[in-house]
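Undergrad: Below is the structure I would like to discuss, written out as structure tokens.
The values are calculated or read from the model by the stated rules, or taken from the named source; none is laboratory data. Because the structure is a prediction, the values reported are computed rather than measured. Glycine gets a Cβ as well: all are built from the backbone with ideal geometry, and neighbour counts include every protein chain shown. Remember, those area values only see protein heavy atoms, side chains included, never the ligands or the DNA or RNA. Shrake-Rupley method; radii C 1.70, N 1.55, O 1.52, S 1.80 Å.
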Amino acid sequence: EPDVTIVSGLKDMVVFEGDDVTFRCQVSHENARDVEWKLQDVTLQNNEMNEISVERGKVHTLTLRKVTEQDIGTVAFRVGPHTSTA
């Protein structure tokens, strides 16, 4: 199985309270397994507030819906041993 690496990392975002924000991270191979999104060291699940998806097989996205002040902090994307933060 090929080693999946991060091709294009996360970018810092500034967003207003109540808005949605989307983070994108591109990986080197499609169908990457062992992928994880975190906000302030808490693993995120796909639900009504956090939309986690994959576009075109390689672009992993996290959309945080209606952000609040409590959502301020570090977003991290991990695939295998590789991590990108914003």
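Undergrad: Are any of the residues in the stretch 70-79 of a type in the set (D, E) and within 13 Å of the chain's Cα centre (by Cα)?
TA: no
Undergrad: Taking the stretch 1-24 only, how many residues are open to solvent by 90 Å² or more (accessible area, probe 1.4 Å), out of contact with any Phe, Trp or Tyr (no Cβ under 8 Å at 6 or more places or on another chain) and not in a strand (DSSP E or B)?
TA: 6
Undergrad: May I ask you to list the residues in the stretch 25-57 that are under 24 Å from T68 (Cα atoms), surrounded by 10 or more Cβ atoms within 10 Å (Cβ to Cβ), free of Cβ contacts under 8 Å to residues at least 40 places away in the same chain and among the charged types (D, E, K, R)?
TA: If the condition is that a residue be under 24 Å from T68 (Cα atoms), surrounded by 10 or more Cβ atoms within 10 Å (Cβ to Cβ), free of Cβ contacts under 8 Å to residues at least 40 places away in the same chain and among the charged types (D, E, K, R), then E51 is the only one that fits.
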